[in-house]
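Below you'll find the structure, written out as structure tokens, and then a few comments.
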Amino acid sequence: MLYQARGYLFDTATNEQSKNSVGGAHMQADDHAIEEILAEGRRFMVPLYQRKYQWHDGQLDPFWEDVKAKAIEILEGESKFQHYMGALILAPVGEAAQIGVTPKVQVVDGQQRLTTFQLFLAAIREVARKHECLDVVEHVGDYLFNKLKSKDTDKLTRFKLTPTPSDQEIFHDIIEDEYSAVRSRYAKHYWGDRVPKNTSFRALRAYEIFYQLIDHFAQFGAAELSDEEDEENSSVTISDETDTREATQQRLEALLTALLNRMKLVVITLGEDDDAQVIFETLNSKGEPLLAMDLVRNNIFHRAERENAEIEELYSELWDPFDHAWWREAAPFARPKRPRIDHFLTHVLAAETGQKISMRELYAEYRAFAAPKGKQRFEKVEDELRILGKYAPSYETLEGRLEDDADLHWLGRKLAAWQVTTAYPVALQVSASDIDDAEKKTLYRLIYSYIVRRTLSGLTAKNLNRVFQSLSQTFKNDGPSLDTFRAYFAARTGDSTRFPDDREFRQGILSKPAYSLAPQTRIKDVLWELEEASRTKFSEKSQMPIGLWTEHVMPQTWTEEWQFSGGEFVDRWSDDPRAQERNALVHTLGNLTLITSGLNISSGNKGFLAKREKLEEHTGLFLNKWFLKSESWSEHEIKERGEHLAEMAVKIWLSPSCS
């Protein structure tokens, strides 16, 4: 495999370095799993000319996504490829190996990655300690600490990594101490339950972020953790039948295996005569990173040359559209944050094979697709390129660039609002199929209904990616159709996969906290659909205005103006059953509406009659006409409106049996 490291090109299959090296340095390059690198008894010394630890969220988030994706593959028994994490440049320190002394190596380049690995391992250890997974706690220690030898005198020898002096104290405290001790010692650097983004203690923030992410993954698996900076509008995480004590241990072990065994570094060892600092400066010159699609393009046209195909003609007709800057922009609603072209290729491979595709090994996935088991899938490269061209307009429509297919464009806007791009392969399969437009439209609506019904019914969303991947496999085998869709979900009745029926959906709307289950754009999308359903056939059709807010009619923090029946007031923090019932109802759909941002500010926590006056004066939404006929707003009215909205909802978000 060819690996590019900041101007160097190494072939990890032959361990040969290309000729574009610096100064003829005699380097040795090989790829190693992280476990091999850290298991060996040696000290990694970060030289003084290196920067202190600086990884920000922009580097930590993709790292976490890489490790999490591998852990999920391991749990599902689908880990096919190892993932390259970059280069580690090492230089020998001192004389050759001495008996009874732990050897040292200088980290010329890659210390940010190496430090991140150590912080991640420390966080795994502490989460394992919290959940009493003591085998994991013990196992992690072997990759954080050296076993001292008879002639070791430096007290820091026990640590695998010795960072720059400015990082040493906090780093070694994190590596050595329990989580509670670190929180206590560095309490002044926390703001509430988190370390602020602008902290100068980057290692502490990285450790805290990893601890929270790992703890959430250990408890709930692939369910997304809400943005910690937006607690008010964060969504709740819903457990299901798979979240057991045994599952927690398995998930921690999967994360550990993902980092240690499924992640690799290209380890480049310098010769004794090489100038480490000069090489460090050269390696850190800036360059434009290659995308996976760049490698795919080179692979395709290299094979086209061997076919003696008309390269320029093929490129101009079938590839040139993909060179537009739009394809290199980050896909705005997808995770991980990668260029659209990478997401597009991932979805095409999933649609064509029905298999789960790892974006982090996209080039390897594509080669396996183009030549399964070494045999070419396509007779000509032109046929291969036309497959990409077939799906491109559908992907552009889902992303909102094209609008020719109104139904597919509508689905794309809905998936964007709900941030569920894992349904794209299924949508691509439906779009490319030969079924009639009416059936396609119904399938698009059912995909959307499945997402909304599960959310408002209080069912977990963490398995949506697995469900849609499985559905795409079924569509690949049996062909996309309503009958296939119905049969697929008829066989799935568990909490983590079922398509809620009307009864369950109604009950969810009446009793579940829609505001927290479907935060931000999602709840606004739900309310706007209800707004459109509230209009008469003579009403003018319009798009959802920009700047709408979700409003609690009865405020979340109600005051004395919101008394209970009989004129009595009960504080919302009270143990009184009436307060508990109100707290449960205040976030349900029956108490939510849409208003403009200006009206939101002026309404605030005013009593109902004052709010009604504002609504009557300033809002033209049909959804709000309900309140104009009400003289009061209490639990009874919330339930009554909830019933009304539930009746509309089962007609908007259809079940497979009703479509």
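Every number in this text was worked out from the coordinates using simple rules, so none of it is lab data. Computed from a predicted structure; not experimentally measured. No Cβ is skipped: glycine too gets one built from the backbone with ideal geometry, and neighbour counts run over all protein chains shown.
Pairs with C-alpha atoms separated by more than 24 Å, drawn from the list Lys512/Lys537; Lys68/Lys147; Lys68/Lys356, are Lys512/Lys537; Lys68/Lys147.
Each peptide in 114-127, 160-173 receives the mean, over its residues, of other Cβ atoms within 10 Å, and ordering these scores from highest gives 114-127, 160-173.
Helix-derived [θ] at 222 nm for the chain: sum -39500 (n - 2.57) over DSSP H runs of at least 4, divide by residue count, nearest 500?
Values: 28 runs with 323 residues, N = 659.
Here the helix-only value at 222 nm equals -15000 deg cm²/dmol.
Cross-link pairs exceeding 30 Å in C-alpha to C-alpha distance, out of Lys373/Lys441; Lys130/Lys160; Lys441/Lys639, comprise Lys373/Lys441; Lys441/Lys639.
In the chain, the DSSP beta bridges split such that about 70 percent are antiparallel, to the nearest 5. The Cα atoms of the chain cover 88, 67, 43 Å along the three principal axes, with the biggest extent listed first. Look at where the Cα atoms of the range 528-570 and of the range 306-381 average out, and the two centres are 46 Å apart.
For a protection proxy built on the mean count of beta-carbon atoms within 10 angstrom, sort 509-517, 302-310, 607-615 highest first, please.
Working: 509-517: 20.4, 302-310: 12.8, 607-615: 17.7.
Averaged packing, sorted descending, gives the order 509-517, 607-615, 302-310.
Compute the separation of the alpha-carbon centres of the range 608-646 and the range 386-421 and state it in Å as a whole number. So the two Cα centres are separated by 37 Å. Largest first, the three principal axis extents of the alpha carbons in the range 343-442 are 40, 28, 21 Å in whole numbers.
For the range 321-417, relative contact order (Cα pairs under 8 Å, six or more residues apart, normalised by length) works out to 14 percent. Under the criterion of Cα pairs below 8 Å and six or more residues apart, the relative contact order for the chain equals 13 percent.
Only sites in a loop by DSSP and with at most 10 other Cβ atoms within 10 Å count here; which trypsin sites (Lys or Arg not before Pro) in the range 376-462 make the cut? Write down the numbers at each step before the final one.
Values: sites: Arg377, Lys380, Arg386, Lys390, Arg401, Arg413, Lys414, Lys440, Lys441, Arg445, Arg453, Arg454, Lys462; in loops: Arg377, Lys380, Arg401, Lys462.
Those that pass, being in a loop and sparsely packed, number zero.
Based on the Cβ-Cβ distance from Arg401 to Lys155, what FRET efficiency comes out when R0 is 60 Å, to the nearest 0.05? Don't jump to the answer; show the numbers that get you there.
On the way: r = 60 Å, r/R0 = 1.00.
Here the calculated transfer efficiency is 0.50.
In whole percent, what relative contact order does the range 512-659 give with Cα contacts below 8 Å and a gap of six or more residues?
On the way: 151 pairs, mean separation 45.7, N = 148.
Answer for the range 512-659 is 31 percent.
The loop-placed trypsin sites (Lys or Arg not before Pro) in the range 521-585, going by DSSP, that have at most 15 neighbouring Cβ atoms within 10 Å of their Cβ come out as Arg535, Lys537, Lys541.
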